[in-house]
Amino acid sequence: MKFLSAAATALALACAGCYPDRMMYNYDSVFEMNNTSDDSAVLDESGRDEVARTNQIRRLEQLRDEEEPVYRLNAGDKVEVRVYGHDDVNVKTSIGPDGTIGIAFAGQVKLGGCTAAEGSELIRKGLEPYIKNPVVSVTIIEVHSETATIAGACAKPGVYEIANGTRLADIYALAGASGNRLFNGVEVDIADLDNSLIMRNGEFLPVDFHKAIEQGDPLHNIRIKKGDYIHIAQRMESSVTICGEVRNPHRRLYEPGMGLIETLTTAGWMIDSHWHSVIVIRDGLANPKMYKVDVDGILAGKCRNVPLKSGDIVYVPKDSISEYNVFVRKLLPTVQLFGLLTSRNSILLSN
């Protein structure tokens, strides 16, 4: 499984600085959680939530309506070459690691990087000195160069070949769906679809895995593309993640009544370079809801200690960033945060 960890790290590095600009409101408007009940926070942010839902649908519609690029051949793909009236030249073969195939008379022809039409033209030119007016066709039989990765709580995590039309539910099925574990002598599903992630070119796509996999909703059951990384979260004891400018970033078991100050304490407290406000991220990374918390105000007795919820991410930024969308694009996700969320062994069981 080492290659999956490496892939996760590479993807996390790639996505720093690449978060989509779908959250454009000013960072100063991010809700202050101190001295506020959760109910009033939800009430005050109802308008922002509606904007977020609208933006989510808009982004999913963009993904749905994207045109598939013309496929270009690559090493490992299997093709059939036919030359009209010359069956002795016809061949079914795989493209070699150098991108070439062998054709009678024409020799080695480089198809790697070509469309099927461009490959047909290359072979036609190579045969012209030997065959009068050759008519050539190249047909793609099997595609082996288009792959996506699915990892985490699925039965067979790994790298899978995809083709046009492969969707999220399809690759989930190819990976054997979710894994199982024994709980009190009974096998239970360990997949946590609520916190599962799909990343493309450094962007967390705003997909609802329940709607995609269980309901087959075509808007959420998106087409999988080359290089996509899908992480199926593992259903486990509820947890809270703490990361950023702290001495010991980690995930820990959630306990009812857990507050922000206790969580910071388990992380060895904040290091000197931290910004004065801590960010609590709620409702996942595809469509995060963020709150600022004045820790100094809590310690001074001016604000109440903020209660956390299961699944919260406590993020300690290094400095202030004025625009909210810049904050998201620059700091989420980081290698540290992505590694914590996708690691099966990152939960601390006690203080």
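Every number here is computed from the coordinates shown, using simple stated rules; none is lab data. Predicted model only: the values in this text are computed from it and were never measured. Here the Cβ positions follow ideal geometry from the backbone for every residue, glycine too, while neighbour counts run over all protein chains shown.
Odds and ends about this structure:
- For region 205-288, GluC sites (Glu not before Pro) are listed when DSSP marks them as loop and at most 15 other Cβ atoms sit within 10 Å of their Cβ; the list is Glu237.
- Remark: region 147-234 is approximated by an ellipsoid whose semi-axes, taken from the C-alpha gyration tensor as √(5λ), come to 22, 14, 12 Å, largest first.
- Trypsin sites (Lys or Arg not before Pro) within region 98-162: DSSP coil, no more than 15 neighbouring Cβ in 10 Å: Lys132
- Cα convex hull volume per residue for region 197-253 (Å³): 112
- Three-way shape call for region 191-230 based on the alpha-carbon gyration tensor, with the a/c threshold at 1.5: oblate
- Summed over all non-identical Cα pairs, the Kirkwood treatment of region 78-139 gives a radius of 11.3 Å.
- Remark: for residue pairs Lys78/Lys226; Lys156/Lys225; Lys92/Lys156; Lys78/Lys125, the C-alpha separation exceeds 23 Å in Lys92/Lys156.
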